[in-house]
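Chemist: One structure follows; several queries about it will come next.
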Amino acid sequence: MNRYINAFFWCFIVYLFASIPTAVKSEMLMSEKIEELLRKGSCWGCHDTDEIRVGPSYRSISSKYKNANNQQIRILMEKVRYGGAGNWGVVPMVPISQLSSEELNDLVEWILVQQ
Ligand code: HEC
């Protein structure tokens, strides 16, 4: 009998650990809308929250543009829309044309609140 309880206990522990990434994700204030926009723009293909992929991580973008004013936010939105290189390295960001200005604004503002 004890063995079964033990097995159940370990399953529970494994379940707890398996659910941590979801908990971390919700800590990032990832609303469904943002999640959908990140998918729509294929942002995850080149960006990660913490790791450098083809482009910089959302967290490093956020710390580079801490206290960004409206003009800087507009410049970042244009960078996403039209693409470009030079702020992080020689690899260019591709133009992302499938998002509206409002959607770009939501995404850039979401990136800038990552810490
Ligand atoms: C094909 C790869 C790729 C995709 C897809 C991509 N990015 Fe990027 N992104 C990059 C690279 C590379 C850079 C660094 C550009 C530089 O050095 O100036 C970058 C930089 C950025 C920056 C910082 C710009 C700056 O001037 O500092 C933001 C903000 C950003 N990306 C947001 C997004 C968002 C939002 C999406 C999805 C809509 C997205 N990216 C999709 C590759 C990509």
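Bear in mind these aren't lab numbers, they're just calculated from the coordinates by the rules spelled out. Bear in mind the structure is a predicted one, so any value in this text is a computation, not a measurement. FYI the Cβ positions are ideal-geometry reconstructions off the backbone, even for glycines, and counts take in every protein chain you see.
Chemist: Taking amide H positions as placed in the peptide plane 1.01 Å from N, state which residues far from Met93 in sequence (5 or more) or on other chains have amide H under 5 Å from it.
Modeler: Amide H to amide H, under 5 Å and 5 or more residues apart or across chains, Met93 pairs with Gly84, Ala85.
Chemist: Under the Kirkwood approximation for Rh and a Cα-based Rg, what ratio Rg/Rh is obtained for region 31-112?
Modeler: On the Cα set of region 31-112, Rg over Rh gives 0.91.
Chemist: Under 8 Å for C-alpha pairs, at least 6 residues apart: give me the relative contact order for region 31-112, rounded to a whole percent.
Modeler: 33 percent.
Chemist: On to the next question. Using the Cβ atoms and a cut-off under 13 Å, what net charge is assigned to the surroundings of Arg39, where Lys and Arg are +1 and Asp and Glu are -1?
Modeler: -2
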